[in-house]
1. Under a crude label model (7 Å from the Cα following the beta-carbon direction), how far is B:Leu303 from B:Arg104 in nanometres?
2. Using the Karplus curve 6.51 cos²θ - 1.76 cosθ + 1.60 with θ = phi - 60°, what ³J(HN,Hα) values do you get for each residue of the stretch B:156-171, in whole Hz, with x for Gly and Pro?
3. Pull up all non-local amide H partners of B:Tyr307: gap of 5 or more, or a different chain, and H-to-H distance under 5 Å with H placed in the peptide plane.
4. Say a paramagnetic label sat at a point 7 Å from the Cα of B:Ala118, along Cα to Cβ; which residues of the stretch B:187-208 have their backbone N under 13 Å from it?
5. Give the residues of the stretch A:19-52 whose amide nitrogen is closer than 17 Å to a point set 7 Å from the Cα of A:Ser68 in the direction of its Cβ.
6. Extending each Cα 7 Å along its Cβ direction at B:Leu141 and B:Asp253, get the distance between those two points in nm, one decimal.
7. Consider a paramagnetic label point 7 Å from the Cα of A:Thr78 along Cα→Cβ; state which residues of the stretch A:44-68 have an amide N under 15 Å from it.
8. At q = 0.11, 0.20, 0.25 Å⁻¹, work out log10 I(q)/I(0) for the stretch A:4-104 with the Debye formula, treating every Cα as an identical point scatterer and leaving solvent out; two decimals please.
Amino acid sequence: MDRSQLLKGLLDIIVLRVLDNEDGYGYEILNRLRSSGFDELGDASVYGTLRRLYRAGYLSTYVQPSESGPHRKYYSLTEPGRKYLRQARDAWEDVSAKMRILFETPTKG
Amino acid sequence: MTDAPNRTSEIASYLAAVERHLGDLPEPIRTDLMSELDLHLAEVAADLGPGMALRDLLGSPESYARELRETAEVQKEPAAARIRRSLSQTFAPVLTRSKTVADRFAASTGHEDAAELAERLRPGWWVLRGAVVAALFVYWLASAQFGVTGYSYFNSIPGLIFGVAMLLLGVWASIKIGMKAPEWGRRRRRVTAAASIAIVALAALQFSPIMTGAFPTTYVETYYDGGDDYGWVTDVHVYDENGRRLTGVYLFDQNGDPLWIGDPGACDESGWNDPFAQDPEVDEFGQAVESPVEEYEVDTSELGYQYPLCAPGENPAATPTPEEDPTATPAPGEGTRSEDPATQNPDADPTSPLPAEADATATPTGDAPTTK
């Protein structure tokens with residue numbers, strides 16, 4: 001099954017959660033997600049999500065020089081971003097709990 | 001390993017391709033995505049292994065753009081919506097400025113804003129629209145009926161009643177439409193408004209001469225003149241076969257009735273040959289006489305016009321040129337004199353510019369047969 005479509009609905013909460021612990025720049029965030037098992041996510045999806053969350057005011061940016069390459073643009077959560085993450089987490093846990101119950105219900109046969 | 005210049009051009013090429021595939025996005029979103037993408041791709045490229053290309057890691061620019069579009073939560077715009085958005089973006093500054101001016105004007109009239117003033121003026125607009133439609137209808141109807149533009153229906157009582165009735169009907173219908181319009185859909189209201197503005201603009205164009213005080217009353221040709229090929233003839237000049245002009249000539253048809261060809265009024269007053277004036281030099285046999293006019297009570301009106309109606313050379317425009325002379329120049333002595341009693345002797349022609357002897361053989365240069 002192609003999980004990318006399923007994950008697209010969760011992109012906001014995934015990216016915000018990754019940045020909740022530590023600020024990061026685009027490609028690094030993608031690597032964190034990949035190391036967390038989200039191999040289906042593409043760079044464009046992460047970059048697009050970052051820009052959308054930034055436009056919505058949930059993220060702020062700052063640039064830091066890099067010793068090994070070009071300057072890097074770091075993203076960090078804003079207060080509205082944290083609030084949005086809490087609401088999204090609550091919504092996810094609610095849906096997740098219901099889904100668990102739904103799947104744990106014995107099927108006929 | 002890919003060196004730095006190549007990596008830079010690779011990034012630029014990739015960026016340009018992505019931007020091409022995002023061309024239909026709203027400008028603010030596209031600008032935001034593209035403004036940071038070069039830096040992002042540089043970060044990605046910095047972590048690329050030796051010999052790896054951006055395409056290997058990110059996929060094709062087209063698929064990258066598609067993914068970006070999906071995460072930017074923007075659906076691909078239909079062409080019509082894109083054109084509308086483009087137009088509205090283009091005219092937005094003008095509209096904003098116009099609204100500001102309109103609001104300022106409305107405020108100067110004691111209203112909150114232009115919208116409130118427009119609401120107040122709306123019934124007046126309905127009346128104007130109805131009156132204009134009625135006026136146009138009556139105007140066009142009169143033009144079609146009488147073949148005359150600018151004909152006033154109001155010169156007669158029935159016409160006046162008809163005009164007023166049409167005016168009242170137009171105003172009534174317009175008010176009904178105006179009051180009903182709020183119940184209609186947006187599209188229908190817009191079409192109605194556009195049609196109304198178009199009609200008023202057409203009326204302004206149609207009736208603009210009234211405003212300038214130069215209302216034209218123009219007859220529209222609707223009849224056929226019966227094929228009168230000589231209606232345009234104002235005079236007749238007669239020549240004999242020697243090219244000499246004959247004067248004092250009458251024209252008759254096969255029944256002996258005079259031919260009334262020409263227009264005596266077209267001659268200059270000074271040189272006009274009054275066709276009804278009694279000719280003191282001509283008797284009933286066409287011979288010159290010395291008797292005074294009073295002794296010959298010839299009613300020339302029974303003979304028709306006497307040609308030429310105008311004195312020779314009176315009208316410079318009628319002076320023919322040799323090239324226009326349809327009569328061949330005869331050799332001296334070849335010609336014969338006309339014996340038609342209606343034809344006057346050229347020798348007796350008081351208006352002939354040349355002596356009879358010279359005239360008989362000369363090529364006419366200034367008196368070629370022509371009509372004016």
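1. 8.6
2. Per residue, the Karplus-derived 3J(HN,Hα) values read 10, 4, x, x, 5, 4, 4, x, 5, 4, 5, 4, 5, 5, x, 5 Hz.
3. Those lying under 5 Å, H to H, from B:Tyr307 are B:Gly248, B:Val249, B:Tyr250.
4. B:190, B:193-194
5. Counting backbone N atoms under 17 Å from the label point, the list is A:24-35.
6. Computed distance between label sites B:Leu141 and B:Asp253 equals 4.4 nm.
7. In the stretch A:44-68, the label zone of A:Thr78 (backbone N under 15 Å from the point 7 Å along Cα→Cβ) covers A:50-62.
8. Result of the Debye calculation: -0.36, -1.04, -1.42.
The values are calculated or read from the model by the stated rules, or taken from the named source; none is laboratory data. Predicted, not measured: the structure shown is a model, and the values here were computed from it. Here the Cβ is made from the backbone with ideal geometry for all residues, glycine too, and neighbour counts use every protein chain on show. Areas reflect the complete protein model, heavy atoms only, side chains present, ligands, DNA and RNA absent. Shrake-Rupley method; radii C 1.70, N 1.55, O 1.52, S 1.80 Å.
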